[in-house]
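Let me begin by handing over the structure; questions about it come next.
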Amino acid sequence: MGAKNFLISKLQKNYGYILGGLGMVLFFLLTTLSQGYGKDTDNKAVTTWLLIGYTVVIDPGHGGADPGTVGFRGTLEKNISLTVAKRLTYFFQQAGAHVLLTRKSDQDLSDPGLFDFYTVRSQDLSRRVNLVNKYKAQFLLSIHLNHFPDPVEYGAQVFYQTGSGDGKKLAEAIQKELNNYLIDSGRQALAGDFYLCRETKAPAVIIELGFLSNPEEERKLNDPMYQMKAAWAIYAGVVKYLNLLS
Ligand SMILES: [Zn+2]
């Protein structure tokens, strides 16, 4: 056996140990997770599939040529909205929901090659709405980030369509959890007139996660852990709105 072959053989043996070790770690993790951390494993099983049978449309705002608002340090709304939407998708899928994302990458929903801003915008928005109505989704969650000329403004803000009782309840439930998990600005859900919320048959909310015009909040909104908390807060708000925990 040459030095080279000896080395390969030694490496193969070591790989065997490494793989065996990894397998044991994986086995330990799976058995621990499947048993749950507490004694109340029945409840854990129920909450795992809490949203089975539900269809939700998650809408990361903007995309493609439309960056949305731009932060103090240059953060683009379209990128953070997509990242949080993907994390939110994960939570919903873990709960058994059928999730439709209006976009999965940096693009809008209009036909390529269009240049007229108003045509692009109306085609993009109407296709986001159509997705909700076509698949009879139970609700639409549109993810955005806010901007205001005065940089002191901060905090998440949820909007719903004026006159929509379910939209109001959904918005209030999500607003409450966002205030719990993110910076608590004490903001309350607000009504308004929004094409996206008005034209969808299901309750729809526009969720502004925070102000990119506030330098400190912009920094937080770029933090993966803060993004995870934002997604979790939205998910928790929906679960409470549906009254599935009582
Ligand atoms: Zn926006």
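Taking region 69-118 on its own, how many of its residues are β-branched (Val, Ile, Thr) and more than 28 Å from LYS136 (Cβ to Cβ)?
Counting residues in region 69-118 that are β-branched (Val, Ile, Thr) and more than 28 Å from LYS136 (Cβ to Cβ) gives 4.
Still on this model: Out of all the residues in region 188-201, is one or more over 16 Å from the mean Cα position of the chain (by Cα), of a type in the set (Phe, Trp, Tyr), within 13 Å of the ligand (Cβ to nearest atom) and closer than 21 Å to LEU82 by Cα?
Within region 188-201 (the criterion being over 16 Å from the mean Cα position of the chain (by Cα), of a type in the set (Phe, Trp, Tyr), within 13 Å of the ligand (Cβ to nearest atom) and closer than 21 Å to LEU82 by Cα), the answer is yes, since at least one residue qualifies.
Please state which of the following conditions ASP111 fails to meet, knowing it meets all the rest: (1) within 16 Å of the ligand (Cβ to nearest atom); (2) acidic (Asp, Glu); (3) part of a loop (DSSP other than H, G, I, E, B).
ASP111 satisfies every listed condition except (1).
VAL57 fails exactly one of the following numbered conditions: (1) in a loop (DSSP other than H, G, I, E, B); (2) away from the ligand (no atom under 12 Å from the Cβ). What is the number of that condition?
The single condition VAL57 does not satisfy is (1).
Tally up the residues in region 187-246 that are surrounded by 15 or more Cβ atoms within 10 Å (Cβ to Cβ) and in a helix (DSSP H, G or I), please.
The qualifying residues number 24.
Which of the residues spanning region 120-150 are farther than 23 Å from LYS201 by Cα and out of contact with any strand residue (DSSP E or B) (no Cβ under 8 Å at 6 or more places or on another chain)?
PRO149, ASP150
Go through (1) crowded, with 22+ Cβ neighbours inside 10 Å; (2) part of a helix (DSSP H, G or I) for LEU140 and report which single condition fails.
Unmet for LEU140, out of (1) crowded, with 22+ Cβ neighbours inside 10 Å; (2) part of a helix (DSSP H, G or I): (2).
Pick from region 60-83 the residues that are among the β-branched types (Val, Ile, Thr) and within 12 Å of the ligand (Cβ to nearest atom): which of them is farthest from GLU153 (Cα to Cα)?
ILE80
In this structure, is ALA173 in a loop (DSSP other than H, G, I, E, B), touching a residue at least 12 places away in the same chain (Cβ under 8 Å) and either within 16 Å of the ligand (Cβ to nearest atom) or at negative phi (or both)?
For ALA173, the condition - in a loop (DSSP other than H, G, I, E, B), touching a residue at least 12 places away in the same chain (Cβ under 8 Å) and either within 16 Å of the ligand (Cβ to nearest atom) or at negative phi (or both) - is not met.
If we scan region 84-99, do we find a residue that is outside any loop (DSSP other than H, G, I, E, B), under 17 Å from TYR235 (Cα atoms) and within 15 Å of the ligand (Cβ to nearest atom)?
For region 84-99, residues outside any loop (DSSP other than H, G, I, E, B), under 17 Å from TYR235 (Cα atoms) and within 15 Å of the ligand (Cβ to nearest atom): present.
Every number in this text was worked out from the coordinates using simple rules, so none of it is lab data. From a predicted model like this one, the values you see are computed outputs, not experimental measurements. A quick note on method: Cβ atoms are made from the backbone with ideal geometry, for glycine too, and the neighbour counts reach across all protein chains shown.
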